[in-house]
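J.: Quick one: structure below, then a few questions.
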Amino acid sequence: NRNQNQLIDNESLQRLYVTPPQVNWEDYIVPIEEFALDIDNYIKVQCDENEYRPKVYEAWKTEYLNFKKESNKSVSYLVKEFEMKKSADEYSRSSVAKTGILDTNKLYSYKWSDDVFKKLSVVSGGKSHGLIMYVDWSGSMSNCLEGTVKQLINLIAFCKKVNIPFQVYAFVDNSGGKYRNDWSSDVDKEICVNRKFRLVEFFNSEVKKNKFEEQILRLWYLMKDILSYSYCDITSSYELGSTPLNDSIFAAVHIFKKFKSKYNIDKVNTVFLTDGESNHLAFNQSQ
């Protein structure tokens, strides 16, 4: 028993149990309509105030079109792999059932075989799929932001081609957004949500076909603007901040339930496109 005392770490922290944040996560989401309007207004102001800006946006659009052309092969490969796997799953679930209807081509063998009925291949229904993507919109992503956005665009194009529902959010906590003067909760031992935390909806599967390219270009222009360090106060709500990854994971539970219920799908995959560790979490503690 005396030797057991030597195993005690006197400098260790006390174990503390806290509860997840109980907030209305819808208050932290910037809908896609608001994002689109903000970017459109920003581009209009830029083009009105700077005569060279229309040429810049035209050059960026050309870059996007070239990227789109180059990535068609990669997207088609993703679609092919998905369809092959789906077909293999369907085949593994298939079975053969007798219809009860005589097959006239087999009647000649009725004396030595009972297999004279027509058969029907039955394939049981497969699982429906959905995809939710979260993009890290933090300063440390600046070195890989273009590559991440390109990968994101490929995933969006893939979802569109295979016709599965999807949503895309960026998690941010920059100073340009709506700043909350108080913490999300005053309940003792409850985790607090960052007062600057927001989820910006970049894209979803309900974007109309004729608006698809417009929405992609908004995201592309924002990425290019950030990397060129030419953005102004209009897009400060969407500039790179720190990494509220943990807050996003808590919010992802709410979004998952809502998404699954809305589209009535069986399997929802959640993907985080991020480069590192989350900010620290805070919690309430009574005095």
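Just so you know, all these numbers are worked out from the coordinates, no wet-lab data involved. Because the structure is predicted, anything quoted here is derived from the model rather than measured. Cβ: placed from backbone, ideal geometry, glycine included. Neighbour counts: every protein chain shown.
J.: Would you kindly state how much longer the chain becomes between residue 37 and residue 63 on full extension, computed as 0.36 nm times their sequence separation minus their alpha carbon distance, in nm to one decimal?
T.: Residue separation times 0.36 nm, minus the Cα-Cα distance, leaves 7.1 nm.
J.: I want to make sure I understand the PRE zone here: with the label point 7 angstrom from the Cα of residue 186 toward its beta carbon, which residues in the stretch 247-284 have backbone N atoms less than 20 Å away?
T.: It comes to 282-284, nothing else.
J.: Ratio of Rg to Rh for the stretch 34-74, alpha carbon only, Kirkwood? Present the calculation step by step, with values, prior to reporting the outcome.
T.: Values: Rg = 13.1 Å, Rh = 11.6 Å.
Ratio of gyration radius to Kirkwood radius: 1.13.
J.: OK, next. I want to check the label-to-label distance for residue 19 and residue 4. Put each point 7 Å from Cα in the C-beta direction and report it in nm to one decimal.
T.: 3.4
J.: 5 Å is the cut-off here: which amide hydrogens, built 1.01 Å from N in the peptide plane, fall below it relative to residue 30, excluding neighbours closer than 5 in sequence?
T.: Sorted by chain and number, the residues that satisfy this are 199, 200, 201.
J.: If we sort 269-280, 30-41, 152-163, 130-141 on the protection proxy, mean other Cβ atoms within 10 Å, highest first, what's the order?
T.: Highest-to-lowest ranking by the protection proxy: 130-141, 152-163, 30-41, 269-280.
J.: Let me ask another. How about the stretch 1-79: which trypsin sites (Lys or Arg not before Pro) there are in a DSSP loop, with at most 13 other Cβ atoms within 10 Å of their Cβ?
T.: In loop regions of the stretch 1-79 (DSSP not H, G, I, E or B), the sparsely surrounded trypsin sites (Lys or Arg not before Pro) are 2, 15.
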